[in-house]
Every structure is written in C-alpha cells, then in structure tokens.
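Below is one structure, written out as structure tokens; the observations come after it.
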Amino acid sequence: GAQAPFQIEDLLARGVTKQMVGHARILSVSHRKRLVRAVAAMVVAAVAVMAASFLTGPTDRRNSFAGALFGGVPGNQASHFNGRCRAAIARRALSWQTRLDKALLSIDAPPSARIRNLRKILEDPSAVLKDLNRAANVLSTKGIKDGHPEAIDVLFPRGTTARSDLEGLQALRKQVPEVVQDLQSGLPKDTMPRKPQQQISLGELTQGFVSLLADNKKQAEFIEEAKNSLRSKPRGLESPGYKVVRVLSNGTSGLGKVELREYKPFTVAQRGMPGVNTSNFASGQGFTALASYLFGNNSDRVAMQMTTPVEISYGAGEDANMSFVLPKAFAGTPPVPEDGVGIQIARIPHRLVVAKCFAGIVTEGEVQRQRDALKDILDAEGLQQVNSEEYSILQYNSPLTVPWRRRNELIIAVQGAAANTEPSAAANAASNAAAHAAADAAGPAAENAAD
C-alpha cells in the first residue's frame, strides 16, 4: 500500500508475462470499481446530510443551499420547494390512525384528500392488522377492565381526533347526570333588570333566508359557522394573545394539558351575576346583555365582531362575573354601555396564569374535579396561587357545538413577575371585580392539513 502505483507498461518493460498482466488488469479494474462504489456511497451520504440540513436547519441556510443547488433559485421558490419537501415527508410519516382521522373526522378535508388517505391505509393493511392483534392480545391477557386503557392507546393514540372524541364522551358520562341534577334543583335567578325580548316574525325569518341564498359572503359565513359547531376551537374569532412560559403537563390529545401562560393586556366588557357564586349554569347568566352590547346596543351604535372565549370568574363569597373580550380595534376607546344593563368596561393587565384544558359541559362537579387535579400539579411545580379561592372558566364554543368537542379551560392566577405588573389607568378606573377576570386563550389554531 505504501509503494507507488505501477503502470501496465512498466510491467511489460520488465518482462512480466501476459498472464500476469491480465491478472494485474483484472485487479486494477476491481479496485477501480470498488473505489467508484465507495465514492458513490460517500456522495449519497453527503447529499442526505445536506438534505437533512436543508429541511431542518435555519431558513437562511436552507434557502442559500437551495439557491446553490438549483442555480440561483429565488428565496420564495426555495421556500415553496422546502414546503413541498416537508409536506411529502409528513405524508409518509402519517400513521394509519392519523390518516383515518383525516379521512373520516376532519372538518375541512376535500373529498380527494379523504379518498387519498383511505387508499393509503388500504395499501398497507399490515399496520392496521398488527395494531388490532396487539390490542386483542392485551384484552385477552389483562381483561377488558385492566387492559382497555392500553388497547385504546394502541388503536387511538394521543393526538388523534378519535382519541379526543372518546375522552370527551367519557367525560359526558359524569357531566350529563350532573346537568340533570342541576336542572332538577332549579336554576339561579338573575336579578338584573331585563328588557322585553323582541319577537321575530315569520316574514323577517323568510327575508333573512332569502338574503342568505342571494349573498355568497353570508353563505360562506354560514358554512364556516356550521363547521365551527364541530371544531374544538372555532376559527375566525379574535382572542387575546399570550406566551406559553412552559408546559406543566401534556395531558392527552390536548385534553388535560396544563400550561403556564403570560397574557398581554386586553380589554373586556363584563357584567356581574348577583346570586351566582358557583359554576352551576352561570354561563347562561348575562350572556344576552353582553352580546347585545357587542352587536350594537351601545353609545356608538357600532357592531363589533364576536370574540372568544367567554370568561366566567369566581371568588370566595362573591358574585360571579361574565366577560367578553373586546376586539383590539375597540380596546383603546370602547363604546360606552347603555345605562341599566350592568355592563362595565375593564382593562386586564399583564398576568401570569396556569390553564388546564378539559372537554364537555361545564358543571359544578366537573369544575371541582379540575380544580383538585390542578392543585396537585401546582404543588408538584411549587407554584403559588395569588388567591386560592379565585378562579375562572373559559368557554370557547357556541351553544351549537357538539358537547364532546366543546373546549373549556380552568385558569388561575399565580405569583410571578407578570402577575405583579401594575394595572393600567383603564384598569384602575374599572370596578374591583375586574381584578378577578382571567385571561383568555390564544387565537384559534388551525387544524391539521387535510393531506
């Protein structure tokens, strides 16, 4: 190996026989072939490494690599190529459960995407059969009582829509009897004065239906509202912004997830609910008055867009308060509420809260179960509540949303730098009940892509 390479002509000059020269030629060709294969393998490995860096590295590095590779591809084209690569990799990585979600349970998937995902599942039935056999073995070995949690994990893993629906339905088993019990015990009375409700005539209803048929924009809004009734978080509604400081518990499929959040300041319209100091059906109190203010029953006669979520805050021995978040366009100079409706405008300052998500119907028993679970997490994390008796419930969905997909959050204020921020002048002008209003959740997250 240390000797200088020899040439065939040198061997002939030294009297080497033709047979030895033939062996030398064969040896030389063999070495060259192995060398070519080794170089080819190194090139493939280098391309793979560069492709991985291209897909996972910083944006500027990916774009510069794409430009060099494709002879000066503009940045937007490189980004488009990068997006297609990511989408292709994501499609290959989808499990059959995720594809089944997208084929059957996705709200926005077009028919072509549903068919494509079903076809992908049928192309490789071995994965489905493997998981079915594994779940059956678990149930036969451990029994249904002890083995069904593991079987559900196999067939409906965390993060799938089917898993979220199962957990929401499971929660309803406790919540529905509690709702019936609350109905039987009677609803709390709202002592605030109410204006007579205007009756809608059949002619007005017919006119509205005809207007819907003739207006494409209204049709699109109606379809989106119908889709929102099947979404855990509605789209198209403004919400306050917040930063997730850290995740305290991942929960399952987003349900039970606990986050430490820092909210930016925002403005709310709130109304007290005298006589209501529990979770018992408080969400029905004050909603009509606040919605009327938001939709134009105010000093400026201006209609504002609906926001999310609706917040109901509770305190020790105090009446509950319901709050609607005002759109940012009106947060600086909000319209003045009409006299006699009991609505106040409050500015909620920066604050630090812990939020726990749960599905289904908000009942007094469900809220207590969530508070007990959240207390254990706070103790484990060493977080201190600002007031152990104060908490808020955030509700994201309209009453038309299917119960098992309703998204709710329990939030409490905790001690920290953000929680100690002094309120603004607008907050000082608000009533003391404004201090009990909790922050809202983030803007609606887009669902997974249909493909």
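The values are calculated or read from the model by the stated rules, or taken from the named source; none is laboratory data. What you are looking at is a predicted structure, and each value in this text was computed from that prediction instead of being measured. Cβ sites come from the backbone with ideal geometry, for glycine too, and all protein chains shown count toward neighbours. Accessible surface is based on the protein model in full, side chains and every heavy atom, while ligands, DNA and RNA are left aside. Shrake-Rupley method; radii C 1.70, N 1.55, O 1.52, S 1.80 Å.
Can you name every residue in the range 391-410 that is without any contact (Cβ under 8 Å) to a residue 60 or more places away in the chain and not in a loop (DSSP other than H, G, I, E, B)? Within the range 391-410, Asn408, Leu410 qualify.
Criterion first (surrounded by fewer than 17 Cβ atoms within 10 Å (Cβ to Cβ) and touching a residue at least 24 places away in the same chain (Cβ under 8 Å)) does Arg116 satisfy it? Walk me through it before giving the result.
Details: surrounded by fewer than 17 Cβ atoms within 10 Å (Cβ to Cβ): no; touching a residue at least 24 places away in the same chain (Cβ under 8 Å): yes.
No, not satisfied.
Does Asp153 count as within 25 Å of the chain's Cα centre (by Cα) and either surrounded by fewer than 17 Cβ atoms within 10 Å (Cβ to Cβ) or in a helix (DSSP H, G or I) (or both)? Yes. If the condition is being open to solvent by less than 10 Å² (accessible area, probe 1.4 Å) and either within 18 Å of Met322 (Cα to Cα) or modelled with pLDDT under 90 (or both), then the range 236-270 contributes Pro240, Thr267, Val268, Ala269, Gln270.
Against the test of being touching a Cys at 6+ places or on another chain (Cβ under 7 Å) and at pLDDT 90 or above, the options Glu390, Glu409 yield a single qualifying residue, Glu409. Glu447 fulfils the conditions (1) modelled with pLDDT of 90 or more; (2) open to solvent by 30 Å² or more (accessible area, probe 1.4 Å); (3) within 26 Å of the chain's Cα centre (by Cα) except for a single criterion, (1). Across the range 155-188, the number of residues qualifying as polar (S, T, N, Q) and over 15 Å from Leu105 (Cα atoms) comes to 5.
Tally time: how many residues in the range 327-381 are assigned to a loop (DSSP other than H, G, I, E, B), within 25 Å of Gly241 (Cβ to Cβ) and in contact with a helix residue (DSSP H, G or I) (Cβ under 7 Å, 6 or more places away or on another chain)? If you could, list the steps in order and put the result at the bottom.
Just the residues of the range 327-381 that are assigned to a loop (DSSP other than H, G, I, E, B), to begin with: 327, 332-336, 338-342, 349-350, 360-363.
With within 25 Å of Gly241 (Cβ to Cβ) added as a condition, the list becomes 327, 332-335, 349-350, 362.
Filter once more, keeping what is in contact with a helix residue (DSSP H, G or I) (Cβ under 7 Å, 6 or more places away or on another chain): 349, 362.
Looking only at that region, the number is 2.
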